[in-house]
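Presented below is the structure to which this report refers.
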Amino acid sequence: MSPVRIVTDSASDLSPALATAHGITIVPLSIRFGTDEFVDGVDLSIDEFWARCAASDRLPETSAPSPGAFQEAFTRAADEGADAVVCLTLSSDLSGTCQSARTAALTVADRIPVTVVDTRSVTMGQGLAAISAAELAASGAGPEKVVAHAEGLVSRTKVYGVVDTLDHLERGGRIGSARALLGSLLSIKPVVQVLDGIVAEESKQRTRARSLRYLADKTRAAGPYERIAVSDGAASDLDVLVDQLRDVPSKHPLVVVPLGPVVGTHTGPGTIGVSTIRPA
C-alpha cells in the first residue's frame with residue numbers, strides 16, 4: 001500500500017472501479033430532491049438520479065460533505081497504515097467541500113498529516129488529477145512531492161462541456177442569468193468551461209451537432225495530452241463525441257465515465273463533459 005493515501009470527493013465522478021484500482025478514497029456529497037436527501041453513490045445511484053430528474057419539475061440540490069465525513073476518511077487511512085493523506089477537492093468556488101476537508105485536516109493533525117489541494121476543477125478534471133496523484137504516490141513518492149504534483153496539475157487541467165440548456169446552471173446560481181436567458185431565447189446549444197474555478201460560458205453553437213463538433217475540434221487542436229476523459233450525463237449522442245475523440249493523442253487511454261449527480265444537478269441531462277490534462 002502506498003504510504004500516501006489519496007482522498008477526493010464524489011464530484012470527481014471517479015467510478016468505483018477506477019477509485020479501487022488506484023487506491024483512492026471517495027468522500028460523497030449529498031443530493032436533495034425536496035425533503036428527500038441521499039448520499040451520492042451510497043443510497044442514490046447515477047441511474048436513479050437521472051430517473052428522478054426526469055420525473056421531477058424541481059431541480060435537485062447538492063450539499064458538501066461534513067467535516068466529520070472527511071475526518072472519518074482521514075482516520076481510516078491512518079488506521080490502514082498510511083503515513084500521510086493528500087486530499088484533492090472540487091473547486092472551492094463551487095462548493096464548501098474544500099473548507100470541510102480543511103477543517104477535518106486540523107482535527108486529525110495529531111494522527112496523520114493531511115494536505116488539502118483545491119483542484120479548481122470538477123468532474124473528471126478533478127478525477128484525472130486524483131488518478132495522476134495516486135499513481136505518483138503508488139510509485140513511492142513522499143507527500144511533499146505528491147502535493148507539489150497535484151498543485152502543478154491545476155494550471156494544466158481543462159474541463160469543457162456541452163449542455164442542452166443553461167437553465168440548470170442559471171437556476172442553481174452557477175452562471176449569469178442574462179446569458180442563460182439569451183441562450184434560452186435563441187435555442188442555443190452552449191459550450192461551457194471551468195475557468196478559474198468557476199463555470200463560465202465558452203461559446204454558443206446553433207445546434208447540438210455543431211456544439212459536439214466544436215468541442216471535438218477544440219479538444220483536438222489543444223492536444224496532445226497526458227490524460228483525457230469524457231463524462232456522460234445521460235446523453236443519447238455520447239458515442240458521437242467519443243468517436244470524434246478516439247484519435248486524439250494522449251499518453252494514457254481515453255476514459256469514459258458517467259456524469260454523477262453532483263455535477264449533473266447543475267448541468268442537467270444531456271450534458272457531455274471533456275476533461276484533459278496537458279503534459280508538463
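The values are calculated or read from the model by the stated rules, or taken from the named source; none is laboratory data. Note that the coordinates shown come from a computational prediction; the quantities given were computed from them, not determined experimentally. Note that each Cβ is placed from the backbone with ideal geometry, even for glycine, and that neighbours are counted across all protein chains shown.
Figures for the structure shown
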| read-out | value |
| --- | --- |
| Count of residues meeting criterion [within 17 Å of the chain's Cα centre (by Cα) and outside any strand (DSSP E or B)] in the stretch 79-98 | 9 |
| Enumeration of residues in the stretch 70-91 that are touching a residue at least 12 places away in the same chain (Cβ under 8 Å) and surrounded by fewer than 20 Cβ atoms within 10 Å (Cβ to Cβ) | T75, R76, A78, E80, G81, D83 |
| Residues of the stretch 92-111 classified as farther than 28 Å from V230 by Cα and surrounded by fewer than 18 Cβ atoms within 10 Å (Cβ to Cβ), total | 6 |
| Qualifying residue in the stretch 12-28 (condition: more than 15 Å from A133 (Cβ to Cβ), free of Cβ contacts under 8 Å to residues at least 60 places away in the same chain, outside any helix (DSSP H, G or I) and not assigned by TED's automatic domain parsing to the domain that holds H266) | yes |
| Residue that is farther than 16 Å from G127 by Cβ and crowded, with 16+ Cβ neighbours inside 10 Å, where the choices are R58, R52 | R52 |
